[in-house]
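Peer 1: One structure coming up, written as structure tokens, with questions to follow.
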Amino acid sequence: MGFWQGENTAKHVYEPATLTKWLMPKNGSGNDYNGLGRKDVYRALPQFHSPTPHPWFKVTALFFFRTMGGNFNTVISAVKHKWREVTGHVPVADEVVRKSPEEFTAEVKKIALAHPEVEVVGITRMKDEYRFEGHDSSQYKWVITVGRSMDYDSLARNLKGDFSSAITQVIGGYELTQRGAVHVANWIRSQGWPAKGYGGLSTTEGEWFLSMPPAIASGIGQLAKNGSMISDKLGSAFRIASVLTDMPLVEDKPREIGVDEFCMSCKKCTEDCPPGAISDKKQMVRGVEKWYVDFDKCMPFVTEHNACGICLSTCPWSRPGVAPSLSQKMLKKMARRQETELAS
Ligand code: SF4
Ligand code: SF4
């Protein structure tokens, strides 16, 4: 174990570096902060701008310092993201265009999918449970989620221990997806309706919300064992961005695509996660039993490798072109089982 980089002392046992250990909280767990083991339902606490400071704040700061300091592309992406967040939205048109929610929905989806950085789009209603605790100032009615794939070959270099592209794919992916979200927001604004695009690096205080639950609610994908979503189009290696708006729209529904059933019997990410942060059992988190990644194990490894994402690239659904057929196969299997159960 070194000052800057830790090591695996056994399979799934990672000993963090001296610096990370020094910055880690002595008594605070990121899992407790995330509500692991809590049966009561309450809203998530944000990592930043929280009334309760995150116990791992110093390690998170080290992560940003290391990723930004060691990768110029990441800095460029972060600057572009911030610049677009602050200056990228056109004024809302004075004249309000009025159409049916169905017509607007069709147009929004067409505009989104025509953008080069958008491959999937879904719409759901904003709910209180998506808003982080203490962040209520944004009262938009709708969340539009857009998503795009990461470059699989670049990301998958992490399977051979090269994490340099993983962080570029994550941070660069956030920036590119945000480009699509702001494009959609600007089209909505041109129709006279308020809208704002948010990417994965957005830091707009007072408007923080969870992006994955509304994406799942709008049918983009399902929560997987690796703690990320799996889409039946993009697999698990993709990024999302959101648009909040009041334009009248029609909501999509969550979709069964066979992810949960597949994850129940697959152990690829559990096996391949170096610090053993992924569990084969669902866990209780803020009143909901679900797949959960151990924050306290994942964070030191991610910090010291300036990224990770092995759980994304190792997932069978992430290999290019595999997800649609895998989903179809799982749905057929589930339908066959249901038929057998009904017949017996
Ligand atoms: S990013 Fe995924 S594979 Fe890497 S340490 Fe975290 S949970 Fe494990
Ligand atoms: S690797 Fe397997 S268990 Fe892990 S998320 Fe992908 S499908 Fe699920």
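The values are calculated or read from the model by the stated rules, or taken from the named source; none is laboratory data. Given the structure is predicted, the values throughout are model-derived calculations rather than measurements. We place every Cβ from the backbone using ideal geometry, glycine too, and count neighbours over all the protein chains shown.
Peer 1: Taking the residues in the range 180-202 that are under 15 Å from the mean Cα position of the chain (by Cα) and surrounded by fewer than 19 Cβ atoms within 10 Å (Cβ to Cβ) as candidates, determine which candidate is nearest to residue 118 (Cα to Cα). Spell out how you get there, then give the answer.
Peer 2: Looking only at the range 180-202, we keep the residues that are under 15 Å from the mean Cα position of the chain (by Cα), and these are 181, 198-202.
From what is left, the residues that are surrounded by fewer than 19 Cβ atoms within 10 Å (Cβ to Cβ) are 200-201.
Values: 200: 14, 201: 17 Å.
Filtering first and then ranking leaves 200.
Peer 1: Same structure again: For the range 210-329, please list each of the strands (runs of 3 or more DSSP E) lying entirely inside it that holds at least 2 residues being aliphatic (A, V, I, L, M). Quick ask: steps written out before the conclusion?
Peer 2: Working: elements: 238-245, 283-285, 288-290.
In the range 210-329, 238-245, 283-285 are the strands (runs of 3 or more DSSP E) which contain 2 or more residues that are aliphatic (A, V, I, L, M).
Peer 1: Examine the range 281-295 for a residue that is of a type outside the set (Asp, Glu) and within 30 Å of residue 73 (Cβ to Cβ), and state whether such a residue exists. Working first, answer last.
Peer 2: Within the range 281-295, the first condition is being of a type outside the set (Asp, Glu), and the residues that meet it are 281-288, 290-293, 295.
Add one more test, that the residue is within 30 Å of residue 73 (Cβ to Cβ), and what stays is 293, 295.
Yes, some residue in the range 281-295 is of a type outside the set (Asp, Glu) and within 30 Å of residue 73 (Cβ to Cβ).
Peer 1: Scan the range 314-336 and tell me whether some residue there is within 19 Å of residue 229 (Cβ to Cβ), in contact (Cβ under 8 Å) with a residue 24 or more places away in the chain, within 11 Å of ligand 1 (Cβ to nearest atom) and surrounded by 14 or more Cβ atoms within 10 Å (Cβ to Cβ).
Peer 2: yes
Peer 1: Then there is this: State the number of residues belonging to the range 203-212 that are of a type outside the set (Phe, Trp, Tyr) and within 14 Å of the chain's Cα centre (by Cα).
Peer 2: Step one: filter the range 203-212 for residues of a type outside the set (Phe, Trp, Tyr), giving 203-207, 210-212.
Narrowing further to those that are within 14 Å of the chain's Cα centre (by Cα): 210-212.
Count: 3.
Peer 1: Shifting gears a bit: Filter the range 26-55 down to the residues that are of a type in the set (Phe, Trp, Tyr) and either at pLDDT 95 or above or under 15 Å from residue 286 (Cα atoms) (or both) and list them by number. Before you say what the answer is, go through the steps one by one.
Peer 2: Within the range 26-55, the first condition is being of a type in the set (Phe, Trp, Tyr), and the residues that meet it are 33, 42, 48.
Scanning the range 26-55 gives 33, 42.
Peer 1: Also, I was wondering about something else. Which of the numbered conditions does residue 47 fail, given that it passes all the others? Conditions: (1) in contact with a Phe, Trp or Tyr (Cβ under 9 Å, 6 or more places away or on another chain); (2) part of a helix (DSSP H, G or I).
Peer 2: Status for residue 47: all satisfied but (2).
Peer 1: Which pairs turn up if I take residues in the range 18-45 that are in contact (Cβ under 8 Å) with a residue 60 or more places away in the chain and over 16 Å from residue 290 (Cα atoms) and look for partners that are among the charged types (D, E, K, R) and not in a loop (DSSP other than H, G, I, E, B) with beta carbon separation below 7 Å, at least 6 apart in sequence or on another chain?
Peer 2: 20/304; 29/296; 30/296
Peer 1: Scanning the range 281-295 for residues that are charged (D, E, K, R) and away from ligand 1 (no atom under 13 Å from the Cβ), which turns out surrounded by the most Cβ atoms within 10 Å (Cβ to Cβ)?
Peer 2: Let us first name the residues in the range 281-295 that are charged (D, E, K, R), namely 281-282, 286, 289-290, 294.
Remaining after also requiring away from ligand 1 (no atom under 13 Å from the Cβ): 281-282, 286, 289-290.
On the way: 281: 9, 282: 16, 286: 18, 289: 11, 290: 13.
Filtering first and then ranking leaves 286.
Peer 1: Taking residue 14 as the residue in question, decide whether it is part of a strand (DSSP E or B) and in contact (Cβ under 8 Å) with a residue 24 or more places away in the chain.
Peer 2: Details: part of a strand (DSSP E or B): yes; in contact (Cβ under 8 Å) with a residue 24 or more places away in the chain: yes.
When the stated conditions are applied, residue 14 passes them.
Peer 1: What do you reckon, is residue 105 crowded, with 19+ Cβ neighbours inside 10 Å and in a helix (DSSP H, G or I)? Before the answer, list the steps.
Peer 2: Values: crowded, with 19+ Cβ neighbours inside 10 Å: yes; in a helix (DSSP H, G or I): yes.
Taking the combined requirement at face value, the residue satisfies it.
Peer 1: Follow-up question, since we're still on this one. If you check every pair at least six apart or on different chains, which have Cβ atoms under 7 Å apart with a residue in the range 254-276 that is under 20 Å from residue 328 (Cα atoms) first and a residue that is hydroxyl-bearing (Ser, Thr, Tyr) and more than 10 Å from ligand 2 (Cβ to nearest atom) second?
Peer 2: Short answer, once both residue conditions are applied: 257/327; 258/327.
Peer 1: Another one. Within the range 50-62, can one find any residue that is surrounded by fewer than 17 Cβ atoms within 10 Å (Cβ to Cβ), touching a Pro at 6+ places or on another chain (Cβ under 9 Å) and not in a loop (DSSP other than H, G, I, E, B)?
Peer 2: yes
Peer 1: Further, regarding this structure: Given the criteria at pLDDT 95 or above, of a type outside the set (Val, Ile, Thr) and surrounded by fewer than 21 Cβ atoms within 10 Å (Cβ to Cβ), does residue 231 qualify? First the steps, then the outcome.
Peer 2: Values: at pLDDT 95 or above: yes; of a type outside the set (Val, Ile, Thr): yes; surrounded by fewer than 21 Cβ atoms within 10 Å (Cβ to Cβ): no.
Considered against the rule, which asks whether it is at pLDDT 95 or above, of a type outside the set (Val, Ile, Thr) and surrounded by fewer than 21 Cβ atoms within 10 Å (Cβ to Cβ), residue 231 comes out as no.
Peer 1: With closer than 24 Å to residue 177 by Cα, of a type in the set (Gly, Ala, Ser) and touching a helix residue (DSSP H, G or I) at 6+ places or on another chain (Cβ under 9 Å) as the only criterion, which of 276, 309, 321, 258 stands out?
Peer 2: Values: 276 fails: closer than 24 Å to residue 177 by Cα; 321 fails: touching a helix residue (DSSP H, G or I) at 6+ places or on another chain (Cβ under 9 Å); 258 fails: closer than 24 Å to residue 177 by Cα.
Exactly one of 276, 309, 321, 258 is closer than 24 Å to residue 177 by Cα, of a type in the set (Gly, Ala, Ser) and touching a helix residue (DSSP H, G or I) at 6+ places or on another chain (Cβ under 9 Å), namely 309.
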